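S.K.: Pasting in a structure now, in structure tokens, and then I'll have a few things to ask.
The values are calculated or read from the model by the stated rules, or taken from the named source; none is laboratory data. Since the structure is predicted, the reported quantities are computational estimates derived from the model, not experimental observations. Positions of Cβ are backbone-derived with ideal geometry, glycine not excepted, and every protein chain shown enters the neighbour counts. Quick note on the areas: whole protein, heavy atoms, side chains included, nothing else; ligands and nucleic acids left out. Shrake-Rupley method; radii C 1.70, N 1.55, O 1.52, S 1.80 Å.
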Amino acid sequence: QAGGDDVNFSAALHWLETSQKAVGEVSAPADVATGLQSTSEALRIFWLLDSSVADKQAALETLRSDLADLNTEQLSRVLLALAEAKQPFEAEKTALLTRQGADGGFGHFPGYDSTPLDTSYALLALRAAGEDALVASGALQFLSSAQLPDGGFSVYNDQPSVMVTALAVKAMKAYLYTHNISGV
């Protein structure tokens with residue numbers, strides 16, 4: 001990047017690093033994201049920009065502190081972070097797999113109805129962990145059936161959501177040439 005961009009990246013990274021609490025969480029008082037969301041996103045930036053200041057291990061431990069209470073998005077974020085860090089993730093993977101329904105999609109918690117949001121997060125995390133082979137076909141079939149007539153995906157089955165649509169497209173992209181999803 002040109003000189004000005006380097007300064008911006010450095011300043012942004014420094015801000016994230018100084019936003020990390022002693023327990024590992026990365027958050028700021030004005031955040032609209034949960035601590036888990038902001039910590040998982042910051043951790044990805046710490047790895048991407050090779051932060052030598054951030055305590056990445058503390059951030060990982062914060063993310064995996066209470067698996068039982070995590071919804072599918074949160075659990076997927078933890079699994080994704082662990083896979084990227086090349087850390088063991090068997091408990092997180094096993095917990096996430098319990099959320100796959102008979103329709104192939106994933107719900108917010110075990111036994112909940114499947115949603116495009118939860119299915120997309122789960123598929124992204126399981127793919128990053130190399131554990132998607134047994135669930136991908138069902139998850140992709142669910143996403144295909146959940147697509148709205150206008151091409152989007154929704155949170156509540158009626159209003160398309162740009163964020164959920166982008167996440168679903170990102171999750172499906174890796175399977176474009178290995179599964180029959182060209183119509184989606």
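S.K.: Would you mind stating whether V78 is among the β-branched types (V, I, T) and exposed (fewer than 11 other Cβ atoms within 10 Å of the Cβ)?
M.R.: No: the conditions fail for V78.
S.K.: Name the pairs: first residue in the range 163-184 and touching a residue at least 24 places away in the same chain (Cβ under 8 Å), second residue open to solvent by 80 Å² or more (accessible area, probe 1.4 Å), Cβ to Cβ under 8 Å, at least 6 apart or on different chains?
M.R.: Cβ pairs passing all conditions: A171/R127; A174/R127.
S.K.: May I pose another question? What helices (runs of 4 or more DSSP H) lie completely within the range 84-164 and have 3 or more residues being open to solvent by less than 50 Å² (accessible area, probe 1.4 Å), under 22 Å from R64 (Cβ atoms) and not polar (S, T, N, Q)?
M.R.: 90-97, 116-128
S.K.: Let me ask something else about it. Regarding the range 2-10, can at least one residue be identified that is of a type outside the set (V, I, T) and either touching a helix residue (DSSP H, G or I) at 6+ places or on another chain (Cβ under 8 Å) or within 27 Å of V155 (Cα to Cα) (or both)?
M.R.: No, the range 2-10 contains no residue that is of a type outside the set (V, I, T) and either touching a helix residue (DSSP H, G or I) at 6+ places or on another chain (Cβ under 8 Å) or within 27 Å of V155 (Cα to Cα) (or both).
S.K.: Go through A54, A58, A42 for me and flag whichever is open to solvent by less than 30 Å² (accessible area, probe 1.4 Å), in contact with a strand residue (DSSP E or B) (Cβ under 8 Å, 6 or more places away or on another chain) and either among the acidic types (D, E) or in a loop (DSSP other than H, G, I, E, B) (or both).
M.R.: A54
S.K.: Another one. Any residue in the range 12-37 that's of a type in the set (G, A, S): show its pairings with residues that are surrounded by fewer than 12 Cβ atoms within 10 Å (Cβ to Cβ) and not in a loop (DSSP other than H, G, I, E, B) at Cβ separation under 7 Å, as long as the two are six or more apart or on different chains.
M.R.: Cβ pairs passing all conditions: none.
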